[in-house]
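Have a look at the structure below before the remarks.
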Amino acid sequence: MQTDIRWKQRFANFKKAVTQLTEFIEKGELNKFEVQGLIQCFEYTFELAWKTMKDYLEQEGFEVKSPRATIQIAFQIQLVTDGHGWIDALEKRNLMAHTYDEEKAHEAETLIRKKYYRLIHELCFELEKIL
């Protein structure tokens, strides 16, 4: 029962983070400081996303040890539909640590807007249905 509560609590935090990320996405053009904010917001939203998946999967009886394993199992049970996209986002987190480099920051912003935001939003929608 504790894991059931845990994933729901984590999901509540994830939903708040998604709301903040949505505000950045809907704002349109961002200045360089806002881009850094968008990237940081994405980083902690992504972190909450995979940890929420992990908590949910553990509650469902799966044993998961890493973010990659969490994504793979979530894809297998169709909690997420784009496993490659999630793995790509996981791998690109390292790129996002270099937001002081404006070119890398711009690349990260483009990936978040065009690819990763959709993944996160879809996961939020799927988990909402389960709740």
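The values are calculated or read from the model by the stated rules, or taken from the named source; none is laboratory data. Just so it is clear, the structure is predicted and the values come from calculations on it, not from any experiment. FYI the Cβ positions are ideal-geometry reconstructions off the backbone, even for glycines, and counts take in every protein chain you see.
Things worth noting here:
- Of all residues in segment 45-62, those that are crowded, with 20+ Cβ neighbours inside 10 Å have Cβ atoms under 8 Å from Cβ atoms of residues that are part of a loop (DSSP other than H, G, I, E, B), 6 or more apart or on another chain, in M53/L79; M53/V80; K54/V64; Y56/L79; L57/V64; L57/I77; L57/L79.
- Every residue from segment 95-130 that is crowded, with 18+ Cβ neighbours inside 10 Å, β-branched (V, I, T) and modelled with pLDDT of 90 or more: I112, I120
- Residue check, Y56 under 19 Å from F14 (Cβ atoms) and among the hydroxyl-bearing types (S, T, Y): yes
- When T110, T52 are screened for being part of a helix (DSSP H, G or I), closer than 25 Å to E26 by Cβ and either in contact with a Phe, Trp or Tyr (Cβ under 9 Å, 6 or more places away or on another chain) or not β-branched (V, I, T) (or both), only T52 passes.
- Qualifying positions in segment 88-131 - among the basic types (K, R) and closer than 15 Å to E34 by Cβ: R113
- Single residue of L48, L90, L111 found to be closer than 17 Å to K8 by Cα and of a type outside the set (G, A, S): L48
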